[in-house]
Amino acid sequence: MVGSELSLSNPIWDIASGRLKLSLTGHISVVRGLAVSPRHPYLFSVGEDKQVKCWDLECNKVIRHYHGHLSAVHGVDIHPSIDVIVTCGRDATARVWDMRTKAAIFTLTGHTNTVATVKCQAVDPQILTGSHDSTIRLWDLAAGRTLTTLTNHKKSIRALALHPSQFAFASASSDNIKQWKLPKGEFMQNFSGHNGILNCLAVNNDNVTVSGADNGTLHFWDWRTGYNFQKITTAVQPGSLDSEAGIYAMTFDKSGSRLITCEADKTIKIYKEDDTATEETNPINWKPDIIKRRRY
C-alpha cells in the first residue's frame, strides 16, 4: 500500500503488519496524487512542485519525469488498457502522456479553474475530469476534445469515483454527491446530507459508496437508492488538533471489504466491516419517496 496525500514522500506500507517498508523521496513540495500500474512495476506520483514522476518499484528509484504542467499537479490516473497516464492540475488542464516515451500526447483544455480529479476507463468516454469551476467534462481520447460538459453542480468538484461493475460514476461537491450514467453523462440521483467540503469518494462492488470530508466525517451510502445508512466521525491522533480531522483521500482494497483513508492528522486508517452488526443493532430507517423527484 502506498500513501502520500500532503506529504513530501511516498511511503510504502505492509498492510498486514501496518509497518512502514519503504519511503520514496524526491518531490520538493506536497505530493497530491498517486497511481500504481496494474500491468507494470511502476508508481506514478504528482505534486505541488509541478512534477510528474514515474518510479520503478523493482529498484525503487525515479526512471522518468513528465514535464509540461505550469502549476501544481493535483491528480493522476492510469489508462487501464493502453500505456497512457493522465494528469490534471491548477493550470486548468488535463494532460495525456505516453508512459514510455514521456511525450505529451494531448493537453485537454476547456476548464476555467483548477482540475482537481481525473479518472480513466477503457471505453468512451475514456477520460473524466472534475474541476473547481463546478463542471465535469467527459473526453474523447482519440480526438483530444470534450464530448460532454456536465454543469449540474454549483460548487467545486474535488472527487470522482467510477463504479467497478456498472457503467456509471459519482461526483462529490459540497452541494451534493451526484450519480451519473455513462456514456452520455445522464443525471441519475443525488446523495444529499453530507455537509462539508468533500475531498474524496469511493465505491465498491457491494454498492457501498463512501464520502470523506474536511471536517473528519465519513458517510456511507447505498449506491442504488442513495440512502445514507451510516455516519462516522474519525478520531484524531492524540496531540492533534480537532481541525486536523480532515479526510484527504480514500480507496477500497482489492477485496472491497477494507476502506483505507489518508487523514490530516498524518495517519492512514483502515476500516473493516462490522461482523457483529445485525438489523437490531444497526436499524435501517429508510423512507423512500413514492415518486422520486429528479433534482438537478
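The values are calculated or read from the model by the stated rules, or taken from the named source; none is laboratory data. All values derive from a computational prediction rather than experimental measurement. Ideal geometry is used to build each Cβ from the backbone, glycine not excepted, and the neighbour counts take in all protein chains shown. Areas reflect the complete protein model, heavy atoms only, side chains present, ligands, DNA and RNA absent. Shrake-Rupley method; radii C 1.70, N 1.55, O 1.52, S 1.80 Å.
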Original post:
What spacing in nm lies between the two simple spin-label points modelled at Ser255 and Ser243, each 7 Å away from Cα in the Cβ direction?
Top reply: 3.9
**OP:** Could you check the simple spin-label distance between Lys266 and Asn207, using points 7 Å along Cα→Cβ, in nm with one decimal?
**Re:** 4.2
Subject >> Length gained when the stretch Ala16-Thr151 is fully extended (0.36 nm per residue, less Cα-Cα span) >> reply: 44.3 nm
Original post:
In the neighborhood of Gly130, defined by Cβ-to-Cβ distances under 9 Å, what is the net charge if each Lys or Arg adds +1 and each Asp or Glu adds -1?
Top reply: +3
Subject >> Fully extended contour minus Cα-Cα distance, from Ala235 to Val30, at 0.36 nm per residue >> reply: 71.4 nm
**OP:** Would you mind getting the accessible area per residue of segment 185-290, heavy atoms of the protein chains only, 1.4 Å probe, in Å²?
**Re:** 57
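What does the accessible area per residue of segment 22-163 come to in Å², with a 1.4 Å probe and no ligands, DNA or RNA counted?
39
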**OP:** Past 21 Å, Cα to Cα, is the threshold; run Lys61/Lys272; Lys119/Lys178; Lys184/Lys287; Lys154/Lys181; Lys154/Lys231; Lys50/Lys119 against it and keep the listed order.
**Re:** Lys61/Lys272; Lys184/Lys287; Lys154/Lys231
Original post:
Using 1/(1 + (r/R0)^6) with R0 = 22 angstrom and r between the beta carbons of Asp140 and Ala103, what's the FRET efficiency to the nearest 0.05?
Top reply: 0.70
Original post:
Counting alpha carbon pairs within less than 8 Å and at least 6 residues apart, what relative contact order, in whole percent, applies to segment 7-99?
Top reply: 18
Original post:
So, with +1 on the Cβ of K and R and -1 on the Cβ of D and E, and no other charges, what is the size of the charge dipole of the chain about its Cα centre, to the nearest 20 debye?
Top reply: 780
Subject >> Dipole-positive endmost among Gly18, Gly239, Leu147 within the chain (Cβ charges, Cα centre) >> reply: Leu147
**OP:** Taking amide H positions as placed in the peptide plane 1.01 Å from N, state which residues far from Lys50 in sequence (5 or more) or on other chains have amide H under 5 Å from it.
**Re:** Val73
Subject >> Sorted peptide list for 111-121, 245-255, 18-28, criterion being average Cβ within 10 angstrom, highest first >> reply: 111-121, 245-255, 18-28
Original post:
How much of Thr107 can a 1.4 Å solvent probe reach, expressed as accessible area in Å² and rounded to 10?
Top reply: 60
**OP:** Search the structure for amide H atoms under 5 Å from the amide H of Ala168, placed 1.01 Å from N in the peptide plane, and list their residues when 5 or more places away or on another chain.
**Re:** His163, Leu182
**OP:** Please list, in chain and number order, the residues 5+ apart from Lys155 or on another chain whose amide H is under 5 Å from its amide H, with Hs placed from the backbone.
**Re:** Asp175
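How much FRET efficiency would the formula 1/(1 + (r/R0)^6) give for Asn113 and Asn60, where r is the Cβ-Cβ distance and R0 is 51 Å, rounded to 0.05?
On the way: r = 36 Å, r/R0 = 0.71.
The value I calculate is 0.90.
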